[in-house]
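Here is the structure we will look at.
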Amino acid sequence: MEYAKDDNEIRDRLTEEQYFVTQHAGTERAFTGCYWDTKESGKYHCIVCGVALFTSETKFDSGTGWPSFSEAVEANSIKRKVDESHGMVRIEALCASCDSHLGHIFNDGPPPTGERFCMNSASLKLVPFDEQV
Ligand code: FE
């Protein structure tokens, strides 16, 4: 399902930080986002298009100050792109449905995937399991 992107609509609906992070590949400061230390259960959805991206069951404490997950709800819900900005070569994570920037993926995560999805809280919305539609 493709999400029809309307920049004005997105900017009106999101906070300034959510807009900057998701539409301009920004990064929230560590330990400032609303989910870095969250332990509540539920699914983390894309703040822009609403698709489910992660569950609390794969969230772990990475010590980085950003919400971190060992895998996505479905492998194809996240799009990967090589990011050579800021003098580093990293793998950028984007929402596969709407192309919003989510964060980066590193190879120092816990088993079984060994991956660390380092996300911005600003890109996500936590919805408890019993409130899933
Ligand atoms: Fe999305």
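The values are calculated or read from the model by the stated rules, or taken from the named source; none is laboratory data. Keep in mind that what you see is a predicted model, and the values were worked out from it rather than measured. In this analysis, Cβ positions are derived from the backbone assuming ideal geometry, glycine residues included, and neighbour counts consider all displayed protein chains. Just so you know, the surface numbers come from the protein's heavy atoms only, side chains and all, with ligands and any DNA or RNA stripped out. Shrake-Rupley method; radii C 1.70, N 1.55, O 1.52, S 1.80 Å.
See the values below:
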quantity	calculated
Members of the stretch 96-123 found to be more than 13 Å from the chain's Cα centre (by Cα) and polar (S, T, N, Q), listed by number	ASN107, THR113
Subset of the stretch 91-109 that is under 19 Å from SER62 (Cβ atoms) and either of a type in the set (S, T, N, Q) or open to solvent by 40 Å² or more (accessible area, probe 1.4 Å) (or both) - its residue that is nearest to the ligand (Cβ to nearest atom)	ILE91
Subset of the stretch 53-85 [within 28 Å of ASP6 (Cα to Cα), open to solvent by 40 Å² or more (accessible area, probe 1.4 Å) and more than 15 Å from the ligand (Cβ to nearest atom)]	TRP66, ALA75, VAL82, GLU84, SER85
Test: residue in the stretch 30-52 that is in contact (Cβ under 8 Å) with a residue 60 or more places away in the chain, more than 12 Å from the ligand (Cβ to nearest atom), under 30 Å from ASN8 (Cα atoms) and in a strand (DSSP E or B)	yes
Conditions (1) within 15 Å of the ligand (Cβ to nearest atom); (2) under 19 Å from PHE69 (Cα atoms); (3) not basic (Lys, Arg): number failed by ILE10	(2)
Those residues of the stretch 1-26 which are modelled with pLDDT of 95 or more, within 20 Å of ALA93 (Cα to Cα), outside any helix (DSSP H, G or I) and open to solvent by 60 Å² or more (accessible area, probe 1.4 Å), in sequence order	HIS24
Contacts under 9 angstrom Cβ, first residue in the stretch 112-133 being closer than 20 Å to GLY63 by Cβ and free of Cβ contacts under 8 Å to residues at least 60 places away in the same chain, partner polar (S, T, N, Q) and assigned to a helix (DSSP H, G or I), 6 or more apart	THR113/THR58
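Here's the yes/no breakdown for (1) in contact with a His (Cβ under 8 Å, 6 or more places away or on another chain); (2) of a type in the set (Gly, Ala, Ser); (3) more than 15 Å from CYS118 (Cα to Cα):
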| site | (1), (2), (3) |
| --- | --- |
| TYR3 | no, no, yes |
| ARG11 | no, no, yes |
| GLU17 | no, no, yes |
| PHE20 | no, no, yes |
| THR27 | no, no, no |
| VAL48 | no, no, yes |
| VAL51 | yes, no, yes |
| PRO67 | no, no, no |
